[in-house]
Amino acid sequence: MLEKFREAKASDIARLIEQEDQGLMPPPFEGERPDFIRALWEAGPGAVIAEYKRASPSRGEINVNLTPEAVAQAYKDAGAAALSVLTEEAHFKGSLGYLERMRSAGLPMLRKDFILHPVQVIETAATPASAFLLIARMSTQEELREMLGLAMAFELAAVVEVFDEADLEKVLPLDPEIIQVNNRDLDTLTTDLAVAERLAKHKEDGQIWIAASGIETPADVARMVDAGYDAVLVGTSLMREADPGAALKKLTAQAG
């Protein structure tokens with residue numbers, strides 16, 4: 001699955017490399033970027049990063065008629081700590097332009113895409129995103145180190161996603177501020193919250209840990225908080241509802 005995603009990004013990366021070689025990369029965004037890390041700390045254990053997601057390989061199209069602006073505002077009104085914005089086009093029907101369109105909600109935004117090359121970090125820095133996703137197993141340790149360094153230079157938060165202990169072994173020496181554990185099995189596309197519970201024992205002081213995938217009920221949120229997670233990232237279970245904001249309120253009402 002990850003190799004399919006890598007192939008889908010190859011042309012984008014080649015285009016960005018050519019732009020950089022020609023000195024045509026857009027300049028860094030000059031507007032205000034809400035602090036992603038602070039937002040998660042302040043929302044406390046159980047902070048929700050609510051996702052705008054129009055499609056996925058496992059579910060196909062998901063409420064494609066809901067606009068990014070409307071969903072961003074609904075999530076803010078429902079108490080989301082931050083937004084996750086799918087920008088990958090081929091498999092998730094995302095768009096880099098959604099970041100600008102969702103900016104009006106005033107919440108920090110995580111650019112969720114397959115970031116595999118430093119030029120994509122530079123591209124992200126030109127958007128209003130406050131953070132971006134790095135998937136540990138899609139890059140070497142040195143590639144991750146370089147992109148984490150760029151994140152720091154551009155004052156962006158990097159969310160480093162892991163699936164298992166081998167991924168953690170690769171990333172922990174890099175001292176990441178934020179680790180996201182994905183509960184999804186990439187071969188079967190099934191989810192199991194026990195994955196997050198198993199990996200949580202490796203959490204270090206000062207790190208923010210996010211649990212992602214398979215979180216659908218207040219009990220699921222409470223279970224992740226009990227395991228030591230500071231935040232949860234929730235997408236499909238919100239976006240499949242007619243009113244994602246109402247779904248978020250329902251998710252968090254009993255979770256606290």
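The values are calculated or read from the model by the stated rules, or taken from the named source; none is laboratory data. Note that the coordinates shown come from a computational prediction; the quantities given were computed from them, not determined experimentally. Positions of Cβ are backbone-derived with ideal geometry, glycine not excepted, and every protein chain shown enters the neighbour counts.
If the condition is being assigned to a helix (DSSP H, G or I) and without any contact (Cβ under 8 Å) to a residue 60 or more places away in the chain, then region 39-61 contributes only E42. In region 226-256, what residues are part of a helix (DSSP H, G or I) and of a type in the set (A, V, I, L, M)? Result: L238, M239, A246, A247, L248, L251, A253.
Only a single item in (1) free of Cβ contacts under 8 Å to residues at least 24 places away in the same chain; (2) surrounded by 15 or more Cβ atoms within 10 Å (Cβ to Cβ) is not met by N65, and it is number (2). In this structure, A158 does satisfy being small (G, A, S), part of a strand (DSSP E or B) and either on the phi > 0 side of the Ramachandran plot or touching a strand residue (DSSP E or B) at 6+ places or on another chain (Cβ under 8 Å) (or both). If you go through region 75-94 and keep only what is farther than 22 Å from D230 by Cα and touching a Pro at 6+ places or on another chain (Cβ under 6 Å), you end up with just H91.
Yes/no matrix, rows are residues, columns are (1) of a type in the set (K, R); (2) in contact (Cβ under 8 Å) with a residue 24 or more places away in the chain; (3) within 16 Å of K9 (Cα to Cα):
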position	(1), (2), (3)
A82	no, yes, no
E100	no, yes, no
R111	yes, yes, yes
I115	no, yes, yes
I135	no, yes, yes
Q141	no, yes, no
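Just the residues that are β-branched (V, I, T) and under 18 Å from the mean Cα position of the chain (by Cα), please, taken from region 196-224. Across region 196-224, the qualifying residues are I208, I210, I215, V221.
Of all the residues in region 113-146, those that are crowded, with 17+ Cβ neighbours inside 10 Å and under 17 Å from E88 (Cβ atoms) number 19.
When T87, T140, T124, T67 are checked against the criterion of being of a type in the set (S, T, Y) and either over 25 Å from A47 (Cα atoms) or at pLDDT below 95 (or both), a single residue qualifies: T140. Read through the list (1) in contact with a helix residue (DSSP H, G or I) (Cβ under 6 Å, 6 or more places away or on another chain); (2) buried (at least 23 other Cβ atoms within 10 Å of the Cβ), then give the number of the only condition that I208 fails. Here I208 meets the rest and fails (2). Among the residues making up region 198-219, those that are closer than 11 Å to I179 by Cα and of a type in the set (D, E, K, R) are K203, E204.
Among the residues of region 18-36, is any loosely packed, with under 15 Cβ neighbours inside 10 Å, closer than 24 Å to R137 by Cα and among the acidic types (D, E)? No, there is no match, as no residue in region 18-36 is loosely packed, with under 15 Cβ neighbours inside 10 Å, closer than 24 Å to R137 by Cα and among the acidic types (D, E). Taken together, the residues in region 175-191 that are modelled with pLDDT under 95 and not basic (K, R) amount to 7. If you go through region 41-50 one residue at a time, do you hit one that is closer than 17 Å to S104 by Cβ and not hydrophobic (A, V, I, L, M, F, W, C)? For region 41-50, residues closer than 17 Å to S104 by Cβ and not hydrophobic (A, V, I, L, M, F, W, C): absent.
T236 meets each of the listed conditions (1) touching a helix residue (DSSP H, G or I) at 6+ places or on another chain (Cβ under 8 Å); (2) surrounded by fewer than 23 Cβ atoms within 10 Å (Cβ to Cβ); (3) in contact (Cβ under 8 Å) with a residue 24 or more places away in the chain apart from (1).
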